[in-house]
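What follows is a short report on a single structure.
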Amino acid sequence: MSGSSAALQPPADAVKPSRHPDAPAPGELLGAHYGQCFGCGGEQAHGLHLEARAGEGVSVSAEFTVRPAHQGAPGLAHGGVLATALDETLGSLNWLLRTIAVTGRLETDFARPVPVGTVLYLEAEVTAVAGRKIYSTATGRIGGPDGPVAVRAEALFIEVKVDHFIDNGRPEEIRAAMDDPDQVRRARAFEVNP
């Protein structure tokens, strides 16, 4: 990234991130944390349907196909959709820390246009942790893991309690998620930034 803000620079006392012992194994598909999530949920007709896999250390890889519903300019992905894909991928890192966190800051560089029909390959990693702050980076490449860089991001996530979602979400969605009889889905609905 060129010229990221001071808010995205870890402080001197930041520590190297540690993968939680109960984190998904490298290569494991993480799946959607919530069916209605625009980034990863399967119940969103025009969502990204982004699929993330656990990587080595505190890293993930993900991909999504840019569809016509994701256009900005004719035939090209909307920049906001690309930023969403980066945010979703970065948010997936929190599963490896077993931490509930939300995006505090996201800075994105757009290096080249991404045509409709393109598969965007994303890689992200946590670079440092300082108290409740989680610092991370991501890169999106066109056509494959070694393809040309299209987008990059740096992010700051903030660890929160589940009350953050309960206090601020729409009551009907919160209640539906909390009443889900599937205990795993119920817990995962609140794992990452929805």
(message) Being surrounded by fewer than 21 Cβ atoms within 10 Å (Cβ to Cβ) and within 17 Å of the chain's Cα centre (by Cα) is the filter here; which residues of region 120-134 pass it?
(response) TYR121, GLU123, GLU125, THR127, ALA128, LYS133
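Let's see how each residue does on (1) of a type in the set (A, V, I, L, M); (2) modelled with pLDDT of 95 or more:
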position: VAL58; (1), (2): yes, yes
position: THR65; (1), (2): no, no
position: ALA73; (1), (2): yes, no
position: LEU76; (1), (2): yes, yes
position: THR99; (1), (2): no, no
(message) Return the residues of region 52-70 that are of a type outside the set (Gly, Ala, Ser) and farther than 16 Å from ILE142 by Cα; say none if nothing qualifies.
(response) ARG53, GLU56, VAL58, VAL60, PRO68
(request) Would you be able to tell me the number of residues in region 1-30 that are on the phi > 0 side of the Ramachandran plot and surrounded by 16 or more Cβ atoms within 10 Å (Cβ to Cβ)? (result) 0
(request) Please list, ordered by first then second residue, the pairs with beta carbon atoms under 9 Å, 6 or more apart or interchain, first in region 83-106 and over 16 Å from GLU28 (Cα atoms) and part of a loop (DSSP other than H, G, I, E, B), second of a type in the set (S, T, N, Q) and open to solvent by 10 Å² or more (accessible area, probe 1.4 Å). (result) ILE100/ASN193
(request) Confirm whether GLY79 is surrounded by fewer than 17 Cβ atoms within 10 Å (Cβ to Cβ), out of contact with any His (no Cβ under 7 Å at 6 or more places or on another chain) and not basic (Lys, Arg). (result) yes
(message) Considering only region 3-21, I want to know if a residue exists there that is out of contact with any helix residue (DSSP H, G or I) (no Cβ under 6 Å at 6 or more places or on another chain), in a strand (DSSP E or B) and under 20 Å from TYR121 (Cβ atoms).
(response) no
(message) Give all pairs with beta carbons closer than 9 Å in which a residue from region 35-46 that is over 19 Å from ALA83 (Cα atoms) meets a residue that is open to solvent by 50 Å² or more (accessible area, probe 1.4 Å) and aromatic (Phe, Trp, Tyr); count only pairs at least 6 apart in sequence or on separate chains.
(response) GLU43/TYR34
(request) Could you look through region 135-155, keep only residues that are in contact (Cβ under 8 Å) with a residue 24 or more places away in the chain and hydroxyl-bearing (Ser, Thr, Tyr), and pick out the one that is surrounded by the fewest Cβ atoms within 10 Å (Cβ to Cβ)? (result) THR137
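The values are calculated or read from the model by the stated rules, or taken from the named source; none is laboratory data. All figures in this text were calculated on a predicted structure; none of them were measured in a lab. Here the Cβ is made from the backbone with ideal geometry for all residues, glycine too, and neighbour counts use every protein chain on show. Just so you know, the surface numbers come from the protein's heavy atoms only, side chains and all, with ligands and any DNA or RNA stripped out. Shrake-Rupley method; radii C 1.70, N 1.55, O 1.52, S 1.80 Å.
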